[in-house]
Every structure is written in C-alpha cells, then in structure tokens.
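Engineer: If you scroll down you'll find the structure; I have some questions about it.
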Amino acid sequence: MSKSVIQPDVQDTINRVMERFKTARDEFQDTASDSAQDAANCNAQSAQDEAEDVPFETSEVWPLPGLAPMTRVRTSFGDVHAVALRKGDLVRTRSGEFKEIVWLNRVMLDEAFLAQKPDSNPVRIGAGAVGPSTPSADIMVSPRQVLCPSANSQVREAREAADLESRPGVTRRRETGLSYTMFHVGGPAEVLCEGVYMLFEPPKG
C-alpha cells in the first residue's frame, strides 16, 4: 500500500494553523481563569466601551454579536476556529472575495457573569438546522449575531441567532465560561462560517 505524502507547502499551512490554534487555546484558558470583573471586560477599549453603554442593571439583553471559540470561519488558508483568528487574516465574503480583518476583539465571560446575565449565553445552531447542510457543522454564536439568507438556508431575511430559537435544532446553551470573537473588514460584510453567511460590521456608535 502506498504511503500518503503531504506536499511541503500544504504541511507548512497545517503547521501554521495548528500552532496558532494552540496559542489561541492557551490564551483562552489563561484568560478564563481571571476574576469575574476582568472576564466580563473586553480586551480592547473600543468593544469595552460599547458593552458598558448598556445598563445591565436594568436590562438583561446582551448587546454584542460574536462567535464562540470553536465556530469556524472560512479564510484564505482554510476554515479557522474563531478563537484562532487574528487581525490581518483574509476571510471569504459572499462575493467570493477574501477581505482582510482590520479590527478584531474578544469578550471574555465567566460563569458568574453568564449566570447573572442569561441572555449572554450562546445560541447553538445544529448542523442542518436552517437548511440542507446549513450550517455544515454545529456552531455556537452570540444571540445578537446576525445570520444572512442564502440559497440553501430556510432563513429568508437577516435574523439574529436568538430569533431562531423556535426552530428544531436551535437551542440556547448554558455555559460556564467562553469568549465571543468579533471582527470586521472595514465595513459591513457577509462572511462564510460553516456554510452560513453571517454579518460582520464595525461597532455602532
């Protein structure tokens, strides 16, 4: 039986993606052990300011979009977990063009925050829950993440993930800690994530 051979350039890409995922995983695990106050803050001031604009004392609505760590995004070098994305990566948009991530931030939430603010917990959308092979694998996203319509999707207009919870295969997950990755490419763009196009745009305000 012949032995499979991986071309050097392919192997280099695999090694690069795996190394970045390992680094991102270690960073996430280290950050997840921080205090509740630190875990609830954004890593960058811009997203932190946006979150602080929402009066959580009087509102239980989580305001920010984003992808849970293991949801994958189509990039110029393959499908990459959200937790491993970096500024400068090229992501695939609906037009087929790959556009550069110009801003990226992660919000870290711990068990206490997620319990106190239940709406901050992610929405799990099972494989095939919104159409044939759509998404192509289970994904988890912020309840405010917007999913866009596509040929294979039964969602006919842009909808927040939380609006899909009545569909079979779509549930709200209670987590004990997670991050949401947010990014944009300089303007509104629909980016391919596990067979689903999702809207990413600069923070409002």
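The values are calculated or read from the model by the stated rules, or taken from the named source; none is laboratory data. Predicted model only: the values in this text are computed from it and were never measured. No Cβ is skipped: glycine too gets one built from the backbone with ideal geometry, and neighbour counts run over all protein chains shown. Heads up: the accessible areas ignore ligands, DNA and RNA and are worked out on the full protein's heavy atoms, side chains in. Shrake-Rupley method; radii C 1.70, N 1.55, O 1.52, S 1.80 Å.
Engineer: Restricting attention to strands (runs of 3 or more DSSP E) lying wholly within segment 110-180, give those where 2 or more residues are open to solvent by less than 60 Å² (accessible area, probe 1.4 Å), within 23 Å of GLU201 (Cβ to Cβ) and touching a Pro at 6+ places or on another chain (Cβ under 9 Å). Step through it out loud before you land on a result.
Structural biologist: Numbers: elements: 123-125, 139-141, 170-172.
Because the criterion is at least 2 residues that are open to solvent by less than 60 Å² (accessible area, probe 1.4 Å), within 23 Å of GLU201 (Cβ to Cβ) and touching a Pro at 6+ places or on another chain (Cβ under 9 Å), the strands (runs of 3 or more DSSP E) in segment 110-180 that meet it are 123-125, 139-141.
Engineer: Could you list all residues from segment 91-109 that are crowded, with 20+ Cβ neighbours inside 10 Å and among the polar types (S, T, N, Q)?
Structural biologist: Matches in segment 91-109: ASN105 only.
Engineer: Restricting attention to segment 181-195, which residues are in a strand (DSSP E or B) and either surrounded by fewer than 17 Cβ atoms within 10 Å (Cβ to Cβ) or charged (D, E, K, R) (or both)? Break it down into steps so the answer makes sense when it comes.
Structural biologist: First pass over segment 181-195, keeping only residues in a strand (DSSP E or B): 181-184, 189-193.
Answer for segment 181-195, where residues must be in a strand (DSSP E or B) and either surrounded by fewer than 17 Cβ atoms within 10 Å (Cβ to Cβ) or charged (D, E, K, R) (or both): just GLU190.
Engineer: I would also like to ask the following. Which of the residues that make up segment 70-109 are assigned to a loop (DSSP other than H, G, I, E, B) and either closer than 21 Å to VAL146 by Cβ or touching a Lys or Arg at 6+ places or on another chain (Cβ under 6 Å) (or both)?
Structural biologist: Residues of segment 70-109 that are assigned to a loop (DSSP other than H, G, I, E, B), as a first pass: 70-71, 76-77, 85-89, 94-97, 101-102.
Answer for segment 70-109, where residues must be assigned to a loop (DSSP other than H, G, I, E, B) and either closer than 21 Å to VAL146 by Cβ or touching a Lys or Arg at 6+ places or on another chain (Cβ under 6 Å) (or both): MET70, THR71, LEU85, ASP89, ARG94, SER95, GLY96, GLU97, ILE101, VAL102.
Engineer: May I pose another question? Restricting attention to segment 141-182, report how many residues are hydroxyl-bearing (Ser, Thr, Tyr), at pLDDT below 95 and closer than 26 Å to GLY96 by Cβ.
Structural biologist: Total satisfying the criteria: 2.
Engineer: Suppose the filter is closer than 20 Å to MET70 by Cα and touching a Lys or Arg at 6+ places or on another chain (Cβ under 8 Å); does ASP138 pass it?
Structural biologist: Numbers: closer than 20 Å to MET70 by Cα: yes; touching a Lys or Arg at 6+ places or on another chain (Cβ under 8 Å): yes.
Spelling it out, ASP138 is indeed closer than 20 Å to MET70 by Cα and touching a Lys or Arg at 6+ places or on another chain (Cβ under 8 Å).
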